[in-house]
Amino acid sequence: MEDSASGAYTAVMTRLLLLLCLLLLNACTPGDDSLALQRDYLQRLDTALQGDGFSAFEPSSLSQYRLPPRRQRLLELPEIRIGLLDLLIDAHHCPHLQQLISQRNSSLGKQLVPSQRLGYEGDLLRAIDACLPALPADATLKTTLQQLATEKRQQLPAVFWNALNGSPEFEHYLRFADQALPANLNEDSAALDALQQLASIGAGLPERLPPNATKLEPLFFALYASEQGGQLITSLASLRHSLDSGSDLLEQRQAQRPACPQGRPTPRGRILQNIFVKFYAGGLQPYLALVDQRGQHWQAALLQLQAIEGIPPATDDYLQRLAGAQDSLWQAFRAATARHVKAWQTLLNSCGLAPGQAGWSRGV
């Protein structure tokens, strides 16, 4: 029993040290080239359109995507305990169950972090399931354990949500970052895979028990080891702003002073065509595609999480604000992307300089 308690303490300390190391490493992140890419594109577009300027993206606007306070996201979870003395006397056929109960009632066991609690509850229920066949059919303990297992299973969705909402790793992954995703992004699928695996674990409850802490810890650690969750939120917000700002410039020019009033190519129209080819299609659009690809997997995982039983209202509202099908950051990014493409199509078509038109090859 001492070994189990010592192992739990070691796991906690190791986790804290790893998180501290990552904090120090993340403090050395380089400058944000993707935000500079967006600013440069808007500046060139404004100059070519002879526009009235544009408003820069304000990082302070990201505060609308701040996580609700942890106290609003945690669920009340009453302790369900059984008499330890009775268990130690009557469950001698089930030493693993005895060990788990003793560990939970130890001083270290009472300090399990929420994610470790989730793993422990899975271990406990598996131990009870393994113990029940070894007990006499008329044993009082058997009835007690069956009742305990039923109540513990009913609690699993709440334990799962507390495991997520009470963990610094989950908070870190869904907290907006100071920087957007880098334009030369190296694929980092570990955190996204971990988020999807956690969503799958939650969706399977209570019929499918959660894995033990040894298997859960790497999933939570992967969320903290990646900056790309928070960076993606910042990318979606900044791109929505940049694309809408660019669309405003394009639409205003067409409404007030069309670049090609006669419907034929003009010098101004060819300048704009080059902006489209070199700085939108050749610069910003590849970054948009990268963010969109990452965002699709991210949104799918968040929607899967949102559908899990027992989600706290504050968490539900937050996930909806990020990734819902309506009135969400993801939906706003998608709408801004479509609007900007349409604005470019309208302007280039009005000049006969759109892809497929006679002026396209000459302009390129």
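Screening the candidates LEU145, LEU156 for the property of being assigned to a helix (DSSP H, G or I), over 17 Å from LEU195 (Cα atoms), touching a residue at least 12 places away in the same chain (Cβ under 8 Å) and more than 31 Å from the chain's Cα centre (by Cα) yields one hit, LEU145. Considering LEU164, LEU198, LEU174, the condition of being closer than 14 Å to GLY295 by Cα and not charged (D, E, K, R) is satisfied by LEU174 alone. For the structure I just gave you, tell me whether ARG321 is in contact with a helix residue (DSSP H, G or I) (Cβ under 8 Å, 6 or more places away or on another chain), within 28 Å of LEU42 (Cβ to Cβ) and surrounded by fewer than 17 Cβ atoms within 10 Å (Cβ to Cβ). Judged against the criteria, ARG321 is a match.
Conditions tested, residue by residue: (1) exposed (fewer than 14 other Cβ atoms within 10 Å of the Cβ); (2) part of a loop (DSSP other than H, G, I, E, B); (3) at pLDDT 55 or above.
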residue	(1), (2), (3)
LEU25	yes, no, no
PRO30	yes, yes, no
ASP52	yes, yes, yes
PHE57	no, yes, yes
GLN64	yes, no, yes
LEU100	no, no, yes
SER107	yes, yes, yes
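State whether the residues of segment 89-96 include one that is within 26 Å of TRP161 (Cα to Cα) and either at pLDDT below 90 or within 30 Å of the chain's Cα centre (by Cα) (or both). Within segment 89-96 (the criterion being within 26 Å of TRP161 (Cα to Cα) and either at pLDDT below 90 or within 30 Å of the chain's Cα centre (by Cα) (or both)), the answer is no, since none of the residues qualifies. The set of residues in segment 207-216 being in contact (Cβ under 8 Å) with a residue 40 or more places away in the chain and surrounded by fewer than 19 Cβ atoms within 10 Å (Cβ to Cβ) consists of PRO211, ASN212, THR214, LYS215.
In the set (1) under 30 Å from GLY352 (Cβ atoms); (2) assigned to a helix (DSSP H, G or I); (3) not aliphatic (A, V, I, L, M), ARG264 fails one condition alone, (2).
Applying the condition of being of a type outside the set (S, T, N, Q) and surrounded by fewer than 19 Cβ atoms within 10 Å (Cβ to Cβ) to segment 186-205 and asking which residue is farthest from PHE279 (Cα to Cα) yields GLY204.
Of the candidates GLN273, GLN231, the single residue that is touching a Pro at 6+ places or on another chain (Cβ under 9 Å), closer than 17 Å to THR47 by Cβ and either crowded, with 22+ Cβ neighbours inside 10 Å or at pLDDT 95 or above (or both) is GLN273.
Condition check for LEU198 on (1) in a helix (DSSP H, G or I); (2) more than 15 Å from the chain's Cα centre (by Cα); (3) of a type outside the set (D, E, K, R): one failure, at (2). For ASP327, the requirement of being assigned to a loop (DSSP other than H, G, I, E, B) and either under 22 Å from ALA289 (Cα atoms) or touching a residue at least 12 places away in the same chain (Cβ under 8 Å) (or both) is met. The set of residues from segment 121-140 being without any contact (Cβ under 8 Å) to a residue 12 or more places away in the chain and part of a helix (DSSP H, G or I) comprises just one member, PRO133.
The values are calculated or read from the model by the stated rules, or taken from the named source; none is laboratory data. Not measured: the values here are computed from a predicted model. Ideal geometry is used to build each Cβ from the backbone, glycine not excepted, and the neighbour counts take in all protein chains shown.
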